[in-house]
Amino acid sequence: MPRHPRLLQLASSIAEDPVNDTSVDDWASLLGMSRRSISRHFRAETGMSLVEWRQVARLQCGLEMLTAGLPVTTVAISLGYDSVSSFISLFRKLTGTTPARFAAQFAGK
């Protein structure tokens, strides 16, 4: 998590609501910072871009939903993905496995 109070507010907000699609420009306006400052300082403090942070937040939420037994399609739609295939692609890229394979590990436990 970032240490800067305004960036912490931003990161916490995304972690609490990963479906939130507030743009960097809107965040800049809300936080009283420039787009460039947010981008530069956020990466410096977290090692990730804002887009990457949002992807990881969505992935963490998706992992919880899949572990709870929700279908991949439901998870993808709930997390705001335009298509199930885009969710599957990002999930595989970040975890090395598909959501269905991940969920199968928890089925019946």
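Things worth noting here:
- With the helix formula -39500 (n - 2.57) applied to DSSP H stretches of n ≥ 4, the chain reaches a computed 222 nm mean residue ellipticity of -20500 deg cm²/dmol.
- Alpha carbon Rg of the chain, scaled by the compact-globule rule 2.2 N^0.38 Å: 1.17
- Modelled spin-label separation between Asn20 and Val56, with each label point placed 7 Å from Cα along the Cα-to-Cβ direction: 1.7 nm.
- For the stretch 54-104: rounded, prolate or oblate by the Cα gyration tensor [a/c cutoff 1.5]: rounded
The numbers here are math on the coordinates, done by the rules we state, and not lab data. Computed from a predicted structure; not experimentally measured. Here Cβ is always computed from backbone atoms with ideal geometry, including for glycine, and neighbour counts include all displayed protein chains.
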